[in-house]
Amino acid sequence: MGYTNLYASLDSIYGKTNFADAEITTKSDIWFNSSKLEEFTEEYVSQHPELEIIEFRLLISTGYNSTFESDGTLRFRLNEGRAIGVNWGLDISDELNSVIFTEGSIDSFKTSNGSVLVEAHYARAYDLQPGESLLTKIAGRIYNFTINGIVQSPESLIVIPSPHDFLPNNHYGIIYIPINELQVYANLTGSINNILLKTSSSLSSESR
């Protein structure tokens, strides 16, 4: 029964977040030119009806200077993390690897520069709330972002600091930033390194 319930829960959360069927991420300093790749994939998808959606993102390693209370004293901790540059449209539910808001909303995130969404595990570990600041290091520079929402995503189960870690680490922070902003912060304007693929719903599970 527990096994069945876990699968039902997994299917439910994947459905709610429109999770991708496949993901391609380049390693090291290999980047795709987003405009050229968009031209190629538009033609490619038109010729391959088995593919329904292809989306591009930018993944950047980050670091955070977060505060926590220990023995009544406020202390600082430097943590590793990942910034995910996303290009969410007007309806976030139509995007691949979407998120579920536990606090805040998407509206202010889309219209406010310097705002981020923080994954719920990290937010709980450091009691982060919407409206607070998050000191974030990207490409050697420190930015003071405003948290505009706390979100959940099954992607947090995949992104862990090391292949040697058995379970996700709550001290590893995942944040979401508009891709055009993250490209500027990382000196990678016009570049992406992450491709999400969604196959057609008409395909059978065997074909997928």
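The values are calculated or read from the model by the stated rules, or taken from the named source; none is laboratory data. Remember, predicted model here, so these are calculated numbers, not experimental data. Here the Cβ is made from the backbone with ideal geometry for all residues, glycine too, and neighbour counts use every protein chain on show. Quick note on the areas: whole protein, heavy atoms, side chains included, nothing else; ligands and nucleic acids left out. Shrake-Rupley method; radii C 1.70, N 1.55, O 1.52, S 1.80 Å.
Laid out as a table, the results:
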item: Accessible area, probe 1.4 Å, largest first, for residues 31, 88; result: 31, 88
item: Surrounding net charge for residue 82, when Lys and Arg each add one and Asp and Glu each subtract one, Cβ distance under 10 Å; result: -3
item: Length released on extending from residue 127 to residue 100, taking residue separation times 0.36 nm less the Cα-Cα span; result: 7.9 nm
item: Where 14, 126, 143 fall by accessible area, highest first, once all protein chains stay in place (1.4 Å); result: 14, 143, 126
item: Extended-chain gain in nm, criterion 0.36 nm per residue less alpha-carbon gap, residue 45 and residue 184; result: 47.2 nm
item: Theoretical gain in end-to-end length, residue 22 to residue 201 [0.36 nm per residue, Cα-Cα removed]; result: 63.0 nm
item: Sequence of 45, 86 from largest to smallest accessible area, 1.4 Å probe; result: 45, 86
